[in-house]
Amino acid sequence: MATSVTERLEVRPLHPALGAEVRGIDMRRPLDQATFDALHEIWMRHLVLVFPEQHVSDAEHVAFTRHFGDPEIFHQNIIKSRRVPEIFRVSNVDDDGNLMPPDHPTVKQVSLAQFWHTDSSYREVPCTGALLHGVETSRTGGETQFTNMYAVYDALPDSLKQQIHGRRARHNFGHLHKLASLRPLTPEEEAAMPPVWQPMVRKHPVTGRTSLYISPIYNDEVEGLSAEEAKTLIAQLTEIAAEPRFVYRHRWSPDDVVMWDNRCTMHQVTPHDPRERRVMHRTTIVGTEPVLAA
Ligand code: OGA
Ligand code: MN
């Protein structure tokens, strides 16, 4: 008799708040419906899944991503792979394999992932999630931390919950450029990616659960607050989100693939020695609906 999906999939929780290691999947092969369903359920339960030893090519990585939705093609050329446009290169090595210095604009932009954020929150319809493949992983740092925003919301003091309920924060792609002291966006770039207002408390479209929704690298305004008050509030919420009880920290091995849900988590990467190559390839799952206020 064939083994059932649940017998084949080995799931090992990595932290009390979130994260599980999953074995028994080969990303180079298509998923059948029963395996997809089981995996999706595990993803919704653990928020961040780590798949060790996935020797995928970029094309296989993209093909696996398609099970979960359309892969996003990033709107800027500097980070997009030249060969496979669905691959977003989180790397200090350029497309030709050359190490870039820390003051290179691409490296400066990528380095902003050292601050807590959730991906593409500056889109009217932000992405669902992402899958990051460790191609050349770091030994001097470069660990990725994830926080469970359902648990963070639940743990907020009532006074903070009241402050953010029914309130929206602005998510502005251009804010990133200010933080990284990169050249400001051109009027064309600004028009292509205008800032959006997102609810600070959201309801997950699949699980129905409530979470905090902020993305500090993009948040430049909060409804009804002065710039100073907005900054203080976002910093206060970020500090709570970063408490170790909510955070799983992933130490990478080559060919790990880590998949996260951007609707209920934030992440950041720890610094690493800039002389060390770090090559990470990401696919991003295009979102299907605007953020739902809770
Ligand atoms: C990302 C990101 C962190 C890392 O891919 O969206 O923020 O560890 N990456 O490289
Ligand atoms: Mn990111």
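The values are calculated or read from the model by the stated rules, or taken from the named source; none is laboratory data. Given the structure is predicted, the values throughout are model-derived calculations rather than measurements. Reconstructed Cβ throughout: ideal geometry from the backbone, glycine too, with neighbour counts over all protein chains shown. Protein only, heavy atoms only, side chains kept; ligands, DNA and RNA dropped before computing areas. Shrake-Rupley method; radii C 1.70, N 1.55, O 1.52, S 1.80 Å.
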Open item on the list: Quick test of your reading of the structure: residue 89 fulfils all but one of (1) closer than 22 Å to residue 59 by Cβ; (2) away from ligand 1 (no atom under 13 Å from the Cβ); (3) of a type outside the set (Ser, Thr, Tyr). Name the failing condition by number.
Closed with: (2)
Open item on the list: Checking residue 225 against (1) assigned to a loop (DSSP other than H, G, I, E, B); (2) within 30 Å of residue 51 (Cβ to Cβ); (3) in contact with a Ser or Thr (Cβ under 9 Å, 6 or more places away or on another chain), only one condition comes out false. Which one?
Closed with: (2)
Open item on the list: Being basic (Lys, Arg) and part of a helix (DSSP H, G or I) is the filter here; which residues of the stretch 1-28 pass it?
Closed with: 8
Open item on the list: Consider the stretch 251-294. How many of its residues are more than 17 Å from residue 55 (Cα to Cα) and either in a strand (DSSP E or B) or within 13 Å of ligand 2 (Cβ to nearest atom) (or both)?
Closed with: 12
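One line per residue, one yes/no per condition, for (1) closer than 27 Å to residue 147 by Cα; (2) among the charged types (D, E, K, R); (3) in a helix (DSSP H, G or I); (4) within 16 Å of ligand 2 (Cβ to nearest atom):
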site	(1), (2), (3), (4)
30	no, no, no, no
53	yes, yes, no, no
60	no, yes, yes, no
73	yes, no, no, no
78	no, no, no, yes
84	no, no, no, no
Task: Residue satisfying all of: in the stretch 65-111; loosely packed, with under 15 Cβ neighbours inside 10 Å and basic (Lys, Arg); farthest from residue 278 (Cα to Cα) among these - done: 66
Task: Conditions (1) farther than 20 Å from residue 125 by Cβ; (2) surrounded by fewer than 16 Cβ atoms within 10 Å (Cβ to Cβ); number of the one not met by residue 206 - done: (1)
- [ ] For the stretch 221-240, name all the residues that are of a type in the set (Asp, Glu) and either in contact (Cβ under 8 Å) with a residue 40 or more places away in the chain or open to solvent by less than 80 Å² (accessible area, probe 1.4 Å) (or both).
- [x] 221, 223
